[in-house]
Each structure stands twice: as structure tokens, then as C-alpha cells.
Amino acid sequence: MRSPWVSKRTGDPNKTQMHYARKGIVTEEMVFVAERERLLPELVRAEVARGRLVIPANVNHLNLEPMGIGIALSCKVNANIGNSAVTGDAEGELRKLAVAVKYGADTVMDLSTGGDIDGIRAKIIGSSPLPIGTVPIYQVLNLRKKVSDIRADDLIDMLEHQAKQGVDYFTIHAGVLAQHLPLVQHRITGIVSRGGSIMAQWMIEHKAQNPFYTHWDKVLEICARYDVTISAGDGLRPGCLADASDAAQFAELQTLGELTKTAWERDVQVMIEGPGHVPFDQIEMNVKREIEVCHEAPFYVLGPLVTDIAPGYDHITSAIGATMAGTAGAAMLCYVTPKEHLGLPDEKDVRDGLIAYKIAAHAADVARHRPGARDRDDALSRARYAFDWKEQFRLSLDPETAQSMHDATLPDPYFKSAEFCSMCGPKFCSMHINRAVQEFNKQVEEDQKSGKRTLDLFAP
């Protein structure tokens, strides 16, 4: 699917969804998003115009199915893929992309840092119906080899290059300023964002302010021309619980709020990236602070991880935090895989991380009472009570795993469709036993209609 509006925008220097929304125009992308979300197109348009909703939709991403990210919509999940300077190739990343699409990712970020980055990205964009995000400074460093050799023009030129390829949103660490660097001195883990650390080193070596910040007008001009959404990077996000909610993190957030207003003046779409590692009791405060400081721009959080003691299980520690963040008002959750802090994720890690985050996002949708959010839960519960195993598996987030776990302990084909599982068997199944309760209640109702007082038999 691709909007016919693309051809209509050919002569317009500003092609963003926000630009048209503010003109009162409901684009085909907005209609598509509204239908997916079961909302009125006019509501989607109004939210895009206000800046509370973004639709990352580069005019050059020809096979894109538009996806909306905002507080008025269901909570979204991003999956990170991409090779590293150590390992990975295009075919491996395409397999990860296929897993991400299969298990319900809403967007995908290509974080490739080595090898044929251009070739990998071209194949990912060409194969993906989902919006694709990148961190352009990674490719700049890959080409220049050393941070000291990066020029400000390299960064701007790379934005143009990737926008032409069809990238739908950029993570740009424009809020990391030279005056913020002393604020990280007390931290246990310092600057853990790769993009943030590169920008810090660049400013120190060049003795100059962040070039994305000083050339923000050029950034906006490119994004407006191709309709690339800015994902304002949290370069000073906390990398451990001890560093959460500190002066450095909130100083950058304040700058991102200022840059957001400037972007909106040029009708450029913006979402704000968030922490990181945050104690559970600080997550809601962090979300509400972003909403206030960044003028309700959609919040896109990495986790956050609620404990630092579980390497290998950080898809769980972060999904706990992500559920709270989504409930508090985050619009999109960036998944964390079991390999976080340990290595480059493989296809299984992508699946495990994505399933954990789909659960978190869905739980947040239910908690926020979003329209229809609980329909699938209720349908699965009815199927469970009716022992309709096929329907239970169909409604599951991971049908293959659910069915394999059920079938593994009931090897006899007859038992695979039986009205019990191996946990309770036929004798101790509470749902099976409850049918007697239902029959009793039906009898009570019939007796009450005829004047009988059946329940009096149970009086002491």
C-alpha cells in the first residue's frame, strides 16, 4: 500500500503529515491509520496537527503500510535489528525482519554499524511494510573511521542520503550539549547511548557545540522534504538504576522540548526517546515529565529496565518497566532482547524480546481502556472455558509455542483435543468441575421462577 498523495506532493517542499494535517487535509495515510485503530480519520488528523501523534512515512518507502504512534492510539512496539562491526550480514538481518513482522512489531530500527550498511538498509526497506528507523551517525562513523574525522557536513549529508533511501524516522542526538557533559561525571555507567557518546567525543575533540543542535534548521529542511519523523534521541539516558532521573538526563530532556517546538514550527513530526534503566517507582514520574517538558510529543521508551541484576533476562526486567511506562502514557515501547548487554541478538532473541513487549503493550492498552483492547482476551478466555484448543492457539501471541507446550505432555492424539490438560487431568480440572456449578445455578433460577427456595437447603 502506498498513498497517492505522494504524487500530489511532488512540487511541495514540505511533504510531512503534520503539514497537511495543519491545512485541514486528511491524507490517505491518516485514513489508513484510523481504520487500523478503529478511530475517526478526523481525530487522527487533529492529533497529528497537534503533535501528539506521528505517522513515520517517508515518501520514498514505497511498500510502507502507515503506522501511527501517539497516546490516542494503541501502544506500539519497536524491534531493533541490524548487524554489528563484529558480526552479521544482510540475509541474517532479513530473517530477523521476517521474525519481527511475524510476531507483530509496529516499527523496526536498523542499527547496523558495520559491513555493507547501505546494502543491508536497502534490502530491509525494500522488504519491510513497517516503518524503518535508523541512527544515521552510526554510518558516518563507519565511513570516517574516527570521530575526530567527522565533519558537521558529513552528518547532514548522511541524513539526506538515508532519507533518499526511504528511512521513515531518524534517531538524532541533538539534545546532548557541551554544557551537559559535566553532569555525567558522578554516574556509575557514564554515557551509555552509542550516539550520545559519539556526540560527546565529537564536541570534546572539535571544541565545538553539537552540530545537530547548531544545524537544526538543516535537519528540519531534510525531514520536511522527505517526511522523515525525528526520533529525538536520549543520548544521556541512564544506563543503570543509580543514574536514573539525574540532572544530565533532565537537562537533555529540556533541550529536546525546545527543539520539538522549533521542529513543529516547520511542520516536522517529532517523537521523544526516553530511558533506559529506571527504578519502578520513578517510571510514571519520568513519563509525565516528558509529556510536560516536550509538549505532549509521543514518548518512545527503551524499556525501561527496573533492575540491573538479570543479564540474559533483560527482556523480562524491561518488559515490567515497559508495562508501567505504557500505562503511564508512553506511546511506543522499544523492545529489549535477552542478549541486551551481552551480544548481538539472533532470530530467537528477536522473537523472545518482541513477545515480551507485545505483552507489555497489550497490558498497557487494557489498563488504559483503549477501545477493543480486551476483546482478544475475552475471546481466548471463552475458548479456554470451552476447551477449544485450536481457537486458544489461534488467539495466542505465539500460537506455535502455545500448541507445542500443550501437545508435548499429551502425546496421545486423542488427548490433544481432550477437555483437560496435563496439569490437572480430567478429575481435577476446575473448569470441568464448574459445569456442575452452572447446572446448579440454572436449577436455582428455574426454582425461583416457580416459587421454590432451593438455597434454603444450605441455611445453617
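The values are calculated or read from the model by the stated rules, or taken from the named source; none is laboratory data. Because the structure is a prediction, the values reported are computed rather than measured. A quick note on method: Cβ atoms are made from the backbone with ideal geometry, for glycine too, and the neighbour counts reach across all protein chains shown. These area figures cover heavy atoms from the full protein model, side chains too; ligands, DNA and RNA do not enter into them. Shrake-Rupley method; radii C 1.70, N 1.55, O 1.52, S 1.80 Å.
Observations on the model:
- Among the residues listed as Ile309, Ile320, Ile316, Ile283, the single one being modelled with pLDDT of 95 or more, open to solvent by less than 10 Å² (accessible area, probe 1.4 Å), in contact with a helix residue (DSSP H, G or I) (Cβ under 9 Å, 6 or more places away or on another chain) and not charged (D, E, K, R): Ile283
- Within the stretch 164-190, considering residues that are among the aliphatic types (A, V, I, L, M) and either in a helix (DSSP H, G or I) or within 22 Å of the chain's Cα centre (by Cα) (or both), the one nearest to Asn80 (Cα to Cα): Val167
- When each of Met203, Met199, Met158 is tested for being more than 20 Å from Thr113 (Cα to Cα) and either hydrophobic (A, V, I, L, M, F, W, C) or open to solvent by 40 Å² or more (accessible area, probe 1.4 Å) (or both), the lone residue that passes is Met203.
- So Ala263, is it within 20 Å of Ile222 (Cβ to Cβ), touching a helix residue (DSSP H, G or I) at 6+ places or on another chain (Cβ under 8 Å), in contact (Cβ under 8 Å) with a residue 40 or more places away in the chain and part of a helix (DSSP H, G or I): yes
- Of the strands (runs of 3 or more DSSP E) that lie entirely inside the stretch 44-163, those containing 2 or more residues that are closer than 20 Å to Ala322 by Cβ, under 17 Å from the mean Cα position of the chain (by Cα) and not polar (S, T, N, Q) span 76-81, 107-110.
- Any hit, the stretch 124-133, residues being buried (at least 23 other Cβ atoms within 10 Å of the Cβ) and under 30 Å from Ala247 (Cα atoms): yes
- Residue that is nearest to the chain's Cα centre (by Cα), among those in the stretch 28-43 that are within 29 Å of Glu160 (Cβ to Cβ) and surrounded by fewer than 24 Cβ atoms within 10 Å (Cβ to Cβ): Phe32
- Selection from the stretch 102-118 of residues that are closer than 21 Å to Pro56 by Cβ, without any contact (Cβ under 8 Å) to a residue 60 or more places away in the chain and surrounded by 16 or more Cβ atoms within 10 Å (Cβ to Cβ): Val108, Asp110, Leu111, Ser112, Ile117
- Count - residues of the stretch 251-280 that are more than 20 Å from Val54 (Cα to Cα), modelled with pLDDT of 95 or more and small (Gly, Ala, Ser): 1
- Glu391 being at pLDDT 85 or above, open to solvent by 90 Å² or more (accessible area, probe 1.4 Å), at negative phi and not β-branched (Val, Ile, Thr): no
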